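> Below you'll find the structure I mean.
Bear in mind these aren't lab numbers, they're just calculated from the coordinates by the rules spelled out. Predicted model, so just to flag it, every value in this text is computed and none were measured. Methodologically, a virtual Cβ is constructed for each residue, glycine included, from the backbone with ideal geometry; neighbour enumeration extends over all protein chains shown.
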Amino acid sequence: MAAQENRDAIEQAARTAEEAAKAAEAAAANATTNAESAAAAAEQARTIADQLAVIAAASPISDFVFLITIFVLAIFVGYYVVWSVTPALHTPLMSVTNAISSVVVVGALIALGADLTVSAAGFWPKALGFAGVALASVNIFGGFLVTQRMLAMYKKKER
């Protein structure tokens, strides 16, 4: 009786091994098909990228229009990001804008200190740099005032 049970267990194990081998073969075939599909998709993406590069090189759009487009898109994205922030996150958002404004101040100071004596448009970069320093400084100062006011709300009142 025990010998019969052993034979049955061995046969069951052999059937399970055969099923596992068939499943492995199917998985290998599926992986090969997926790899071929991925290679075809990569080739299509490469072709599209090449076509876009040719279109961009032949495009009559100037750099100015391209940069203005990015600027306008950044305005829309910034507007929707800021107005969708919950009120509980406004103080951390102010801290982030203070950090961004400090980067703006550094860039504006570089624009102010640049030697533009040989440039025909030497006045405008310096004027815009000064305006950038002034506006970013006001933003930083206001941000610190708001942060101090928010922190004062959480202090215990002394009596």
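> Ordered by packing density, taken as the mean number of other Cβ atoms within 10 Å over each peptide's residues, highest first, how do 125-133, 70-78 rank?
Values: 125-133: 15.2, 70-78: 9.8.
In decreasing order of mean packing, 125-133, 70-78 become 125-133, 70-78.
> I'd like the Karplus ³J(HN,Hα) series for segment 30-41: coefficients 6.51, -1.76, 1.60, θ = phi - 60°, whole numbers in Hz, and an x wherever there's a Gly or Pro.
These are the phi-based 3J(HN,Hα) values: 5, 5, 5, 5, 5, 5, 5, 5, 5, 5, 5, 5 Hz.
> Let me ask something else. What FRET efficiency do you get for residue 96 and residue 63 if R0 is 25 Å and r is their Cβ-Cβ distance, rounded to the nearest 0.05? Kindly include the intermediate steps, with their values, before the conclusion.
Numbers: r = 29 Å, r/R0 = 1.18.
Efficiency for this residue pair is about 0.25.
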